[in-house]
Structures are given as C-alpha cells and as structure tokens.
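Notes to accompany the following structure.
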Amino acid sequence: MNEPVITPPSEQAPRKDFVRELVAADAASARFGRTIATRFPPEPNGFLHIGHAKSICLNFGIANEYGGRCNLRFDDTNPFTEDIKYVNAIKEDVRWLGFAWAEERYASDYFEKLYEFAELLVTKGSAYVDSESEEAIRTGRGTVTSAGKDSPFRNRSAEENLDLLRRMRAGEFADGVHVLRAKIDMTHPNMIMRDPLLIRIRKASHYRRGDAWCIYPLYDYAHGLSDAMEGITHSLCTLEFKDNNDIYRWLVREAGFDIPPEQTEFARLELDYTIVSKRKLLRLVNEGHVGGWDDPRMPTIAGLRRRGVTPEAIRAFASTIGVARKEARTELATFEHEVRNDLNMRVPRVLCVVKPLKVVLTNYPEGEVEELDASFYPHDVPLTGSRKVPFSRELWIERDDFMEAPPKKFFRLAPGREVRLRYGYFITCQEVIKDAAGEIVELRCTYDPATRGGDSPDGRKVQGTIHWVSAARGLDCELRMYDRLFAVPDPEAGGDDVDFTKALNPTSLITVSGAKIEPGVVTDAAGTRYQFERTGYFMSDPVDSRPDRLVFNRTVTLRDSWVKVIAKG
RNA sequence: UGCCCCUUGGUGUAACUGGCAACACGUCUGCCUCUGGAGCAGAAGAGUCUAGGUUCGAGACCUAGAGGGGCAACCA
C-alpha cells in the first residue's frame, strides 16, 4: 500500500513560541547581520529519542521558517563514549523525521582550531594549566554555599603555561596530570564560572580522529566556540544549560568573535510513562530490558519508527506541545492522539482477529468460498481503494465479541442475537458449543443470504458490527501488543536513589500468536501500516515479518469507549 | 546557607505586551455511524501560587514570601 503524504493541520501554522518570537525579532532587526542559523548538536553516544525530536523540530523548524540554515553537528569531544554507529543512527533518524541539514559538522574537526584558541587564551593570561589532582580541583571549587579557593598553579606565567600546554598536546603527560582551566573567579556565585576546565588529557583513540589527539576539549569549551565558528545565530539548548550560558558568553568573547551567537534555553520534554535520558536508555539496552535501541517500546526515534509511528505524527506532536521555559510533563494521551490522528487519515483498514473463536454457519454451503468487496477506507477518509475478502462456512470472530450472558449495552453477539459481520452478512447465534471443561469452543450460527454486503433489504437494523476472518482462508500471524514501557507516570520520580528499572511495566509487551488475519496482507511489504478494524493501528515488523511468518507491531490502540461503558457498570 | 530559572483549568500551551483568561489534549452529554473508530453538537472545569503595592484597570509591572527545578562530572 502506498500511503499519502499528509501535513497535519497542527503543523501548518506553527505557533509563535518565545524562541520564535526572539528569532523573529532578531531577523527583523538584522541583529546578526547574517542569515539565521541554528544547529542540532547531539553527542554520538546513544540513539535519539522523542525529546531530541522536540529539539530537532525546533532547530530545523526555525531555520526553515526564517530562511536560515540548520547544521547537524556532532558534539564528539569525549572519546570514551562515542561511536560511529551512533552518528549513523542519528543521521538516519533526523532524515526520517523529515529534515535536511545545511552542513554536517563535527566538533572533532575543530580540535586544531580549538587548540589554537587555547594558546591564545593562555597567551592573554585568560587560561592556565592546573596541575592539581582531580580531587584537589574538586575541593578547591568550593560548594554552592561557600567560595572556592585559587589553585596554587593559578599564577603561572604565560610562558610556562604555553610550554605545558604544548607538552600536553605532545603527549608528554599521563591522563589527569594537567588540565587547562579558564582564569575567571574562584569565588564566582555561579559555580560554573569558578575557573572551569577547558581541556583535559585523554590518551584514548577517538572514533573519528584515531590517535591524532591526546587532549580533548570539554563541552563548555567546545560548544560555544563551535557555534561561533559555524556562524550560528541562535544556539538553542535545554534548561539545565542555563548556568553554562555565562561561560558560553565569556569564551566566545575571549576568543574574539564580535557578534557571538545567543544561547537560549527551553524546557526539555518529559513524557508520562517514559524516560528520556540517554544514560538510562542505554542501561535498558545493555541490561536486556528491551530488545535494543529500536525496540518498539523505546521512546527512541528508531523505536517509534519500528512501532509504526510516522514522522508526521511526531512533528505534529512537537508542534502541539509547544516550547516554553516551564518544566512540564506531557500526558501520553497527547502523543497518542497525534499518532491516531495521523494514522486515521492514511492507513488502510484490514480485518484481524486477535483471540479467535470459531463460528460455523450451519446454513452456508460446505466448501464454498466467495469473495466479498471491502473498502480499505471508511466513508470519512478521502481515499479510495478496496480489496476482496474471502468468506466461508467457518469463520473466526473475536472471543470478546461474544457473551453468553451479555450485560446491558453489549451490542455484539449473544445467544439468539443477530449482528453484522463487517462487509459480510447478518448472522444469528443459534447454539453455543462447549468442551468438557465448560469452555466455549464454537458457535453455531445461521446467516441471512439476503444481507450480503451488510445491508438488509427489509431494512432491519442490527446494533453491532463485528470483524471476522475466514477460517478456510485466513492466515496465522503474530501480534506484538506493545504498551507503555513503565507502569508509573514518572519512572524517575525517586531520583537516583531509586532504581528506575523497578518501575518497568511487566506487560509492556504481550505477544499473541495464533491471531487470524485476512490473506490479502501477505503481498504487502514489511513495514506496511494498517488499522485492524476495531482493534488498533499496526505495522508489520520491518525486521521479523515475512510472508510465511507474519508479525505485526501494535502502534497504538483505537480509542475505546466500550471500556468506559463497562467501567461504569 | 550562594547563584540562576520557573509558577495560568486534570495536562500542555495562549492572552495584541495592562483592559474582566483562549486553544488543544483529556473528561462528560447527546447525535450520527456497516469500526462502541472517525465526525458533529454541546457541557463541566482555572479567575492566573500567596500577600502587599502601582494603576481608573494586572495573569502581565514592583516588593516580599511560598513552592518546584538547575548548578559543587577531567559527562554533555
């Protein structure tokens, strides 16, 4: 099936959030004297997640809206944790989300330049080589409520600092022996300004630079300068970097950039029943709590993609949650709404029985199979297309669609009651067959030949329409019923004292084998999305599904007002 | 015993930058329906953390509190 490309209404008119207002003002006043430039700066040490998607939509979105450009820059300054496999995954995810970067950049390409700035700072007396131990540096920094104290190495001469710096680069010292620090103020009220570390020695090979370097810049040092070198105008990051803004400005100014980029912070996404911490997601992967970074339960872009979520839905979601400075949690319902809203308008409907119960139509000719017309789309979806669905004497219907003693408002099948088989006939339940244990194993029903296609010539109505699959022609399939990964809205509520894996939802994946699906789907490529009528949205698993072993991932259930009815009694 | 940020219905965002709070999700009613989906119609739900102040008038401004969050990694 080919899905139409649809732009959700919520994406058509982006709301002016405070960041966009700021950019709009700067664009109008030509404050930077250059085109608006943003960047998305992931560290290649993990997969991108839904929280990154928010940032991607913001950065690329703004660039698009203001005729600017957005770079994809890998903030790869830590050789211990980064890997090329992550850069590849990140690039794929950004593209899949629908964005094109102006340039692909790497902080590791700036090492030489960054080193030159370091010599400049040292020469100016704005930075020095500290030879204290890691421990001494930590204690020397003081605490949030008490001032730090100067390092004994703080007043080395420019010459000595330069000599040491060069020898650091030359590899003369072991890890941790020396470190380059900015010379600012050890009593600064902002902890980050207490002579922050700029460059450290790391005798490790870098996934891109190999062994070319043994000194590596730290985030604060590399980030702002990278922005400045790329001509970024608006450097957007999350709230936890607010305090880093001071060092960002200090450094860019020290390095001599006249119109420095402006860093603006916004609140990161917090989604109920999920976590968005690369460190913790990595742990889920490493400890085998999930099948990998692309496990459909993961909030990663790769996981959502494999689950069947579309990029349009993710973008629409980013648009509706908006951007603000307030730390907030978003309800899962908001996300699910965008997913359903998008899928509803684009995917074909198909019949699949999750928990089959056999129905025998006693008055239907044995051995006969007829092909019934079934539309792929409901009347209110402006798409056309239909297929033939085989109908036969023996059928599967949903176990939950039959009740021997139905409560009030139960519109489905029950003894003596007539319902419509979707696209098929009206059938009436005549007899319930049970096994020795009293379990219902089969229903004997009669069908009304005059209702072929689902309408009765005499105009009689049925209250319920249920889905079904021909027992003679239906195919077996596996259904992976995914649910929220965590059992509680805020899995990180207890902080680091509480093991967040304790909050994992034990039923986040329920595998159903022996489900029955109409045969037409075998010819569709893996990765095809459907709505299984009355059940939910599904996508055939792109890696495990094959014609001889169909596997479908549940993307999201349909809204179910019936559960509310029974909940109320 | 510090610095910084935040505080609007259940949730997320708005409010032309001072003129009696809007949109979306969710919830509830009803209608409609060959998906108990979708759609349609409607409803409930905050007086904007608190207390002062400025003003004819404040969610927006000022002051003081309270509550929440961030910062003491040679992580980003």
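The values are calculated or read from the model by the stated rules, or taken from the named source; none is laboratory data. All values reported here derive from a predicted model rather than from experimental measurement. For neighbour counting, all protein chains shown are included, and Cβ atoms are generated from backbone atoms with ideal geometry for every residue, glycine included. Accessible surface is based on the protein model in full, side chains and every heavy atom, while ligands, DNA and RNA are left aside. Shrake-Rupley method; radii C 1.70, N 1.55, O 1.52, S 1.80 Å.
Only one of the numbered conditions (1) free of Cβ contacts under 8 Å to residues at least 40 places away in the same chain; (2) within 16 Å of RNA strand B (Cβ to nearest atom) is not met by A:Asp499, and that is (2). All conditions but one from (1) open to solvent by less than 40 Å² (accessible area, probe 1.4 Å); (2) closer than 30 Å to A:Arg105 by Cβ; (3) within 13 Å of RNA strand B (Cβ to nearest atom) apply to A:Met186; the one that does not is (2).
Here are some conditions: (1) more than 16 Å from RNA strand B (Cβ to nearest atom); (2) at negative phi; (3) without any contact (Cβ under 8 Å) to a residue 24 or more places away in the chain. A:Leu485 meets all but one. Which one does it not meet? With respect to (1) more than 16 Å from RNA strand B (Cβ to nearest atom); (2) at negative phi; (3) without any contact (Cβ under 8 Å) to a residue 24 or more places away in the chain, A:Leu485 is out only on (3).
Taking A:Arg399, is it within 11 Å of RNA strand B (Cβ to nearest atom), modelled with pLDDT of 95 or more and either within 26 Å of A:Ser561 (Cα to Cα) or open to solvent by less than 10 Å² (accessible area, probe 1.4 Å) (or both)?
Values: within 11 Å of RNA strand B (Cβ to nearest atom): no; modelled with pLDDT of 95 or more: yes; either within 26 Å of A:Ser561 (Cα to Cα) or open to solvent by less than 10 Å² (accessible area, probe 1.4 Å) (or both): yes.
Answer is no for this residue.
Counting the residues of region A:190-211 that are within 9 Å of RNA strand B (Cβ to nearest atom), open to solvent by less than 50 Å² (accessible area, probe 1.4 Å) and out of contact with any helix residue (DSSP H, G or I) (no Cβ under 8 Å at 6 or more places or on another chain) gives 2.
Among A:Gly322, A:Gly308, which is open to solvent by less than 50 Å² (accessible area, probe 1.4 Å), closer than 16 Å to A:Lys54 by Cβ and in contact (Cβ under 8 Å) with a residue 24 or more places away in the chain? Result of the check over A:Gly322, A:Gly308: A:Gly322. Return the pair list, or none, for Cβ contacts closer than 9 Å from residues in region A:134-149 that are within 6 Å of RNA strand B (Cβ to nearest atom) to residues that are part of a loop (DSSP other than H, G, I, E, B), at least 6 apart or on different chains. Correct list of pairs: A:Glu134/A:Gly176; A:Ile137/A:Ser151; A:Ile137/A:Asp195; A:Arg141/A:Gly148; A:Arg141/A:Lys149; A:Arg141/A:Met186; A:Arg141/A:Arg194; A:Arg141/A:Asp195.
Could you run through region A:342-367 and say how many residues are in contact with a strand residue (DSSP E or B) (Cβ under 7 Å, 6 or more places away or on another chain) and more than 25 Å from A:Ala414 (Cα to Cα)? Break it down stepwise before answering.
Looking only at region A:342-367, we keep the residues that are in contact with a strand residue (DSSP E or B) (Cβ under 7 Å, 6 or more places away or on another chain), and these are A:343, A:347-364.
After this cut, where a residue has to be more than 25 Å from A:Ala414 (Cα to Cα) as well, the list is A:343, A:347-349.
Count: 4.
Selection of region A:181-209 for residues being among the charged types (D, E, K, R) and either more than 16 Å from A:Trp250 (Cα to Cα) or without any contact (Cβ under 8 Å) to a residue 60 or more places away in the chain (or both) yields A:Arg181, A:Lys183, A:Asp185, A:Arg194, A:Arg200, A:Arg202, A:Lys203, A:Arg208, A:Arg209. Note on region A:361-376: residues that are open to solvent by 20 Å² or more (accessible area, probe 1.4 Å) and among the aromatic types (Phe, Trp, Tyr) amount to 1. Applying the condition of being open to solvent by 10 Å² or more (accessible area, probe 1.4 Å) and touching a helix residue (DSSP H, G or I) at 6+ places or on another chain (Cβ under 8 Å) to region A:402-417 and asking which residue is modelled with the highest pLDDT yields A:Arg412.
Of the residues A:Asp243, A:Asp294, A:Asp195, A:Asp220, only one is in contact with a Pro (Cβ under 8 Å, 6 or more places away or on another chain) and acidic (Asp, Glu); which? If you could, list the steps in order and put the result at the bottom.
Numbers: A:Asp243 fails: in contact with a Pro (Cβ under 8 Å, 6 or more places away or on another chain); A:Asp294 fails: in contact with a Pro (Cβ under 8 Å, 6 or more places away or on another chain); A:Asp195 fails: in contact with a Pro (Cβ under 8 Å, 6 or more places away or on another chain).
So the residue among A:Asp243, A:Asp294, A:Asp195, A:Asp220 that is in contact with a Pro (Cβ under 8 Å, 6 or more places away or on another chain) and acidic (Asp, Glu) is A:Asp220.
You will find that of A:Glu265, A:Glu240, A:Glu230, the residue that is near RNA strand B (Cβ under 9 Å from one of its atoms) and open to solvent by less than 50 Å² (accessible area, probe 1.4 Å) is A:Glu265 and no other. Among (1) β-branched (Val, Ile, Thr); (2) open to solvent by 30 Å² or more (accessible area, probe 1.4 Å); (3) closer than 25 Å to A:Asp272 by Cα; (4) modelled with pLDDT of 95 or more, which single condition is A:Val543 missing? Status for A:Val543: all satisfied but (3). For region A:439-489, the tally of residues that are open to solvent by 50 Å² or more (accessible area, probe 1.4 Å), within 25 Å of A:Ala414 (Cβ to Cβ) and modelled with pLDDT of 95 or more stands at 6.
Among the residues making up region A:68-121, those that are open to solvent by 30 Å² or more (accessible area, probe 1.4 Å) and β-branched (Val, Ile, Thr) are A:Thr81, A:Ile84. Listed conditions (1) crowded, with 20+ Cβ neighbours inside 10 Å; (2) within 11 Å of the chain's Cα centre (by Cα) are all met by A:Ala316, apart from (2).
From the list A:Leu343, A:Leu372, the lone residue that is modelled with pLDDT of 95 or more, within 16 Å of RNA strand B (Cβ to nearest atom) and in a strand (DSSP E or B) is A:Leu372. I'd like to check something: does region A:300-308 contain any residue that is farther than 30 Å from A:Tyr425 by Cβ and within 16 Å of RNA strand B (Cβ to nearest atom)? So far as region A:300-308 goes, yes, one or more of its residues are farther than 30 Å from A:Tyr425 by Cβ and within 16 Å of RNA strand B (Cβ to nearest atom).
Screening A:Arg329 with (1) within 11 Å of RNA strand B (Cβ to nearest atom); (2) exposed (fewer than 14 other Cβ atoms within 10 Å of the Cβ); (3) outside the structural domain of A:Arg554 (by TED's automatic domain parsing) gives one miss only, at (3).
When A:Arg420 is tested against the conditions (1) out of contact with any helix residue (DSSP H, G or I) (no Cβ under 8 Å at 6 or more places or on another chain); (2) open to solvent by 40 Å² or more (accessible area, probe 1.4 Å), the lone failure is (1).
When the strands (runs of 3 or more DSSP E) confined to region A:21-122 are screened for residues that are assigned by TED's automatic domain parsing to the domain that holds A:Asp163, none reaches at least 2 such residues.
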